[in-house]
Amino acid sequence: MTGTSAGLGSWGTYVLLTVVCFGSYGVLLHTGQLAMGDPDNGRYKAFLFVGLAYLATAVLAPATLMWLNGADWSMTSSGAAWSFAAGVAGAVGAFGILLAFGAKGSPAVVMSLVFCGAPMVNAAIAITLHGQWSEIRWQFIVGVVLAALGAYMVVAFKPGPAPPPTASHQSGQPLGVDG
């Protein structure tokens, strides 16, 4: 096996890139929200920067690549509408994650539930759009049940709160150093 694991081909590299990006998304977003230093509006400030990042990566970068490749700028209304709906779904989803963090959801639990539930929703929508309900095999149903069980286990057995910092750590001394 060279290049990608399990012989996924070149698309597997892009899947791994997406897994790393989406897997780090919640922690980065939560850290940014907390680093804003504004318990009331930090999530909105963080979301503003998510939007700026989207502007750079999802508007300026593809527009530049299209321009460099001499692309035809005509687009179908159907393609534009579906793509816009995808952007709205992504943005609303990102905002929902921030709202969950603001409601005291921990990144580990929130993101685990999001990434457990999202594939099930994705599968249901894709199967419906492509009329494939008659092609569902028992393994798919078992996968959905296992994913739901996994979501339950994440919530039921989530880690407890972090212990409070020790007195020496609060004083600015490094941990483990006797003063």
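Every number in this text was worked out from the coordinates using simple rules, so none of it is lab data. Note that this is a predicted model, so its numbers are computed, not measured.
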message = Per 0.36 nm of contour for each residue apart, how much would the distance between LYS45 and VAL145 grow if the chain were fully extended, relative to their Cα-Cα spacing?
response = 32.3 nm
remark   = Candidate span helices, the chain: DSSP H, at least 30 Å along axis from Cα coords, Kyte-Doolittle average at least 0.0, result 10-35, 77-102, 107-129
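Counting alpha carbon pairs within less than 8 Å and at least 6 residues apart, what relative contact order, in whole percent, applies to the range 1-154?
21
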ask   = If you stretched the chain out fully between ALA81 and LEU55, how much longer would it get, using 0.36 nm times the residue separation minus the C-alpha to C-alpha distance?
value = 7.5 nm
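Using only the Cα atoms of the chain, what semi-axes does the equivalent ellipsoid have when each is the square root of 5 times a gyration tensor eigenvalue? Give whole Å, largest first.
Numbers: eigenvalues 256, 133, 66 Å².
The answer is 36, 26, 18 Å, longest axis first.
From the Cα gyration tensor of the range 106-159, with a ≥ b ≥ c the square roots of its eigenvalues, which class applies: rounded if a/c is under 1.5, or else prolate if a/b is larger than b/c, or else oblate?
On the way: a/c = 5.63, a/b = 2.03, b/c = 2.77.
It comes out oblate by the Cα gyration axes.
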